[in-house]
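Data first, discussion second: the structure below is written as C-alpha cells.
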Amino acid sequence: MTDAIRRLKAMTDATDNIVFFGGAGVSTESGIPDFRSTGGLYHQEWAYPPEVILSHTFYKSNPEEFFRFYRAKMLAPEAKPNAAHLKLAEWENTGKVRAVVTQNIDGLHQAAGSRRVYELHGSVHRNYCERCGKFHGLDAILNSTGVPRCGCGGIIKPDVVLYEEGLDQETLGSAIHAISKADVLIIGGTSLNVYPAAGLINYYQGNQLVLINKSSVSKNLGADLVITDPIGEVLGQL
C-alpha cells in the first residue's frame, strides 16, 4: 500500500459521510470502453462521430443508424461490477457512503449493491415508449433489430441523456444536495470534460477532496489528495 492510499484509507476510515462522483473510468475495469481515452469510442472508426450519432437530432433524423451504433457500442450486458463498484456498495451498506453520483449509464453501481445512485445521464436499463409511455427493460433493445417498437407501435427510446438534451432536474438537484453536504468527496474515473455534470463539484464545501484518475483532469481542482492509478485497483486495497 502506497503512502497516498494510506492517506486515503485514513480519510475514509474517519468519516461516515462520503460522496462519490464518478465517470467512465470507473467502468473501464469492467470492460466498458471510455469515450475519450486511447482506444475509446472516440478513437474508433464509424460513419459519423459518436457525439453526432448520440445527439437528439440524429436520433430523430436517423433512428436506424442510431440504434445500430447504440446496440454495438453502448450496451455491455455481460459486464460485471469491479472492485470500485463493490467497495462503494460495501461502504454504503456500512453507512460510510451517502450517495454515488455517476455519469455512467451501465447500471453497474446498482448491480454491485449500491442503492442511492444518482445517474446524471440516465440508464440503459430503462427504456420507454414515446407513444404510450410503457416501460421496457434492456432486453427490449437487445432482442430487437432496427428501430425497437412497443406493442402499440411507438418507438422505444432509451432513457439516456443524449447530446442536446437536458439533465433530469430532480436527479441533478439530489446530486447537488449530496455533494454539498459531503465531508469527503471522491472524484474517480472522470476527466471532468462533460458539462453540466462536471460543474457539480463546485458545490462541494468540504476540505477533503480526493481525485483518483489515470490521466490528468481538465482543470485544477486543488484536490487534497491525487492518485493516478485505476480506481478499482485503488479502492480494492481499502
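Selection of the stretch 99-151 for residues being hydroxyl-bearing (Ser, Thr, Tyr) and closer than 27 Å to Ala83 by Cβ yields Thr102, Ser114, Tyr118, Ser123.
When only residues in the stretch 150-176 that are in contact with a Lys or Arg (Cβ under 9 Å, 6 or more places away or on another chain) and not small (Gly, Ala, Ser) count, which is surrounded by the fewest Cβ atoms within 10 Å (Cβ to Cβ)? Step by step, filter the stretch 150-176, then rank; the result is Cys152. Being part of a helix (DSSP H, G or I) and among the hydroxyl-bearing types (Ser, Thr, Tyr) is the filter; apply it to the stretch 177-203 and report the residue that is least open to solvent (accessible area, probe 1.4 Å). Result: Ser180.
Okay, residues lined up against (1) in contact with a His (Cβ under 7 Å, 6 or more places away or on another chain); (2) small (Gly, Ala, Ser); (3) within 18 Å of Val26 (Cα to Cα):
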site: Asp183; (1), (2), (3): no, no, no
site: Gly188; (1), (2), (3): no, yes, yes
site: Leu192; (1), (2), (3): no, no, yes
site: Gln205; (1), (2), (3): no, no, no
site: Val217; (1), (2), (3): no, no, yes
site: Asp224; (1), (2), (3): no, no, no
site: Ile231; (1), (2), (3): no, no, yes
site: Val234; (1), (2), (3): no, no, yes
site: Leu238; (1), (2), (3): no, no, yes
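From the list Leu108, Leu54, Leu8, Leu75, the lone residue that is aliphatic (A, V, I, L, M), crowded, with 22+ Cβ neighbours inside 10 Å and under 16 Å from Val161 (Cα atoms) is Leu54. Any chance the stretch 196-204 includes a residue that's among the aromatic types (Phe, Trp, Tyr) and under 22 Å from Arg116 (Cα atoms)? Yes, there is a match, as at least one residue in the stretch 196-204 is among the aromatic types (Phe, Trp, Tyr) and under 22 Å from Arg116 (Cα atoms).
In the set Tyr70, Tyr118, Tyr128, only one residue is of a type in the set (Phe, Trp, Tyr) and part of a helix (DSSP H, G or I); that residue is Tyr70.
Of all residues in the stretch 204-228, those being assigned to a loop (DSSP other than H, G, I, E, B) and either surrounded by 15 or more Cβ atoms within 10 Å (Cβ to Cβ) or among the polar types (S, T, N, Q) (or both) number 15.
The values are calculated or read from the model by the stated rules, or taken from the named source; none is laboratory data. Treat the numbers as computed from the prediction; the structure is a model and nothing was measured. FYI the Cβ positions are ideal-geometry reconstructions off the backbone, even for glycines, and counts take in every protein chain you see. The area values use the complete protein model at the heavy-atom level, side chains included, leaving out ligands, DNA and RNA. Shrake-Rupley method; radii C 1.70, N 1.55, O 1.52, S 1.80 Å.
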